[in-house]
Each structure stands twice: as structure tokens, then as C-alpha cells.
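First up is the structure itself, then whatever we jot down about it.
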Amino acid sequence: MEKITIREAGSADVNQIMLIEDESFHENIRESKAAFLERIAHFPEGFLLLEINSKVCGYISSEIWDHPENITEDSFALSHRISEVHTTAGKELYVSSVGILKKHRGKGYGDLLFTELSGRVSKRYPISSIILLVSESWPAARKIYERNGFVELRRIPGFFSEEKRYNGIVMRKRL
Ligand SMILES: CC(C)(COP(=O)(O)OP(=O)(O)OC[C@H]1O[C@@H](n2cnc3c(N)ncnc32)[C@H](O)[C@@H]1OP(=O)(O)O)[C@@H](O)C(=O)NCCC(=O)NCCS
């Protein structure tokens with residue numbers, strides 16, 4: 001039987017996180033190792049790992065924003081610096097990324113990471129909403145978010161540059 005553990009990431013996990021990133025996203029839209037290391041150092045409670053039999057197979061990363069009514073396209077820029085936007089006094093949790101190794105997808109682990117992150121962060125910080133940006137070409141992620149009560153806020157035309165360009169969908173859930 002698979003033994004599942006969810007724990008905070010540490011800097012020593014970054015190479016395994018990069019492997020998951022490589023499997024999960026087109027090369028044009030991957031985050032940098034430096035961005036992940038900064039996220040882990042700055043807000044470890046917001047960066048969770050899913051371990052299956054002690055091997056890291058999934059991650060979810062996040063930051064807390066204080067400007068929920070002033071969301072611009074720049075807010076979602078790839079590999080932006082968490083240190084410039086994150087504040088634990090903020091009211092909105094931004095889920096910046098989530099990925100699961102391919103061979104472990106479709107078993108509910110993405111949903112589990114998501115639920116665990118929002119539960120842990122909302123217990124500790126005064127957030128009143130969660131926001132994220134999803135590509136219209138990622139049906140599994142969209143299904144998780146819709147099932148968890150996220151609603152579409154706006155679209156950002158052509159935000160995701162994969163083999164072709166796809167619109168980004170900004171989604172928000174009020175807690
Ligand atoms: C998104 C991701 C983390 C989800 O992880 P997961 O463990 O496979 O997700 P879950 O098993 O919890 O749920 C996925 C749901 O999407 C569904 N799904 C999977 N592929 C799908 C597809 N092509 N079309 C429609 N639904 C799909 C699954 O059936 C499941 O729904 P169900 O529980 O009702 O059957 C994973 O697919 C992944 O790493 N994708 C690549 C990176 C990515 O897109 N990240 C999202 C960034 S916003």
C-alpha cells in the first residue's frame with residue numbers, strides 16, 4: 001500500500017521539485033530553480049510536498065497577497081520574486097503552481113495537496129480568498145478548481161505560450 005505524507009519543502013528538495021516541474025509544464029512556462037528556492041526560503045508553510053513511500057512526487061507553492069482588488073497580468077509573471085509581493089498580513093492566498101509526477105496523476109493527489117495547503121494556511125493566516133491562474137488547456141487542474149468552488153474572474157488572452165498560445169483564466173474562491 002502507498003504511504004502518503006505531506007510536508008513542507010526544504011531547499012534540499014529543489015532538484016526533485018524541478019523534475020516534477022519539467023514533467024508538468026511546457027519548457028516555455030517552467031519556473032526557475034531560483035524562484036523555487038526563494039519561495040521555499042520565504043514562505044515554507046506555503047510550499048508543500050507530497051511524498052509517496054518517502055519519495056517526493058508532487059508539490060504545491062503559494063504566497064499571500066495584500067492587493068486582491070488590483071490584480072494585473074504582471075502579478076502572475078513567471079518566476080516573479082515572492083519577496084516583492086508576499087505578506088503574511090495579506091488577505092489573499094495565491095496558489096502559484098502545482099504539479100504531480102505523471103505516473104501518479106489521476107489518483108486524487110492534486111486535490112489532496114490543494115485541500116491541505118488551503119486548510120493549513122487558512123488556519124494560520126487571516127486569508128479571506130484564494131486566487132490562481134490556470135490555462136484553458138489544463139482540464140485536470142480546471143476540474144479540481146471548479147470542484148473546490150473556484151469561479152472565473154477574468155481571462156488573460158494568450159498568457160500561456162506553449163506549442164501555441166492559450167488564454168489564462170484567473171479564478172478565485174471566497175472563504
Ligand atoms: C493538475 C494536476 C496537479 C492534478 O493532479 P492529479 O493528482 O492528477 O489530480 P486529481 O487526481 O486530484 O484530479 C484530477 C481530475 O481531473 C480529471 N482529469 C484528468 N485529466 C483530464 C482531462 N484530460 N480532461 C478532463 N478531466 C481530466 C481527473 O479525472 C480528475 O477528476 P475526477 O476525480 O473527477 O476523476 C496534474 O494533472 C498535473 O501535474 N498536471 C500538470 C501541471 C498542471 O497542469 N498544473 C496546474 C497548474 S494551475
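The values are calculated or read from the model by the stated rules, or taken from the named source; none is laboratory data. None of these values were measured; they are calculated from a predicted model. Ideal geometry is used to build each Cβ from the backbone, glycine not excepted, and the neighbour counts take in all protein chains shown. Quick note on the areas: whole protein, heavy atoms, side chains included, nothing else; ligands and nucleic acids left out. Shrake-Rupley method; radii C 1.70, N 1.55, O 1.52, S 1.80 Å.
It is to be established whether one or more residues within region 88-104 are more than 11 Å from the ligand (Cβ to nearest atom), outside any loop (DSSP other than H, G, I, E, B) and of a type in the set (D, E, K, R). Taking every residue of region 88-104 in turn, at least one turns out to be more than 11 Å from the ligand (Cβ to nearest atom), outside any loop (DSSP other than H, G, I, E, B) and of a type in the set (D, E, K, R). Check whether at least one residue in region 119-135 is within 13 Å of the ligand (Cβ to nearest atom) and aromatic (Phe, Trp, Tyr), and report yes or no. So far as region 119-135 goes, no, none of its residues is within 13 Å of the ligand (Cβ to nearest atom) and aromatic (Phe, Trp, Tyr).
Among the residues of region 55-66, are any in a loop (DSSP other than H, G, I, E, B) and more than 22 Å from Thr5 (Cα to Cα)? Yes: region 55-66 contains one or more residues that are in a loop (DSSP other than H, G, I, E, B) and more than 22 Å from Thr5 (Cα to Cα). When region 86-106 is filtered for residues that are more than 20 Å from Glu146 (Cβ to Cβ), open to solvent by less than 30 Å² (accessible area, probe 1.4 Å) and aliphatic (A, V, I, L, M), only Leu101 remains. Just wondering, is there one or more residues in region 150-166 that are surrounded by 14 or more Cβ atoms within 10 Å (Cβ to Cβ) and under 27 Å from Ile6 (Cα atoms)? The answer is yes, given that some residue of region 150-166 is surrounded by 14 or more Cβ atoms within 10 Å (Cβ to Cβ) and under 27 Å from Ile6 (Cα atoms).
Filtering Leu117, Leu113, Leu49 for residues that are in a strand (DSSP E or B), in contact with a strand residue (DSSP E or B) (Cβ under 6 Å, 6 or more places away or on another chain), within 24 Å of Gln16 (Cβ to Cβ) and aliphatic (A, V, I, L, M) leaves a single hit, Leu49.
Mind listing whichever residues of region 122-160 are assigned to a helix (DSSP H, G or I) and over 23 Å from Glu45 (Cβ atoms)? Residues satisfying the conditions are Pro139, Ala140, Arg142, Lys143, Glu146, Arg147.
Of the residues making up region 74-85, those that are surrounded by fewer than 15 Cβ atoms within 10 Å (Cβ to Cβ) and more than 16 Å from the ligand (Cβ to nearest atom) number 4.
May I ask you to list the residues in region 3-42 that are open to solvent by less than 70 Å² (accessible area, probe 1.4 Å), part of a loop (DSSP other than H, G, I, E, B), more than 19 Å from Ala77 (Cβ to Cβ) and out of contact with any helix residue (DSSP H, G or I) (no Cβ under 6 Å at 6 or more places or on another chain)? If the condition is that a residue be open to solvent by less than 70 Å² (accessible area, probe 1.4 Å), part of a loop (DSSP other than H, G, I, E, B), more than 19 Å from Ala77 (Cβ to Cβ) and out of contact with any helix residue (DSSP H, G or I) (no Cβ under 6 Å at 6 or more places or on another chain), then Gly10 is the only one that fits. Scanning for something within 16 Å of the chain's Cα centre (by Cα), of a type outside the set (Phe, Trp, Tyr) and over 22 Å from Arg105 (Cβ atoms), does region 151-170 turn up at least one residue? Checked against the condition, which is being within 16 Å of the chain's Cα centre (by Cα), of a type outside the set (Phe, Trp, Tyr) and over 22 Å from Arg105 (Cβ atoms), region 151-170 yields at least one hit. Residue count for region 107-147, restricted to those that are over 17 Å from Ser24 (Cβ atoms) and open to solvent by 40 Å² or more (accessible area, probe 1.4 Å): 10.
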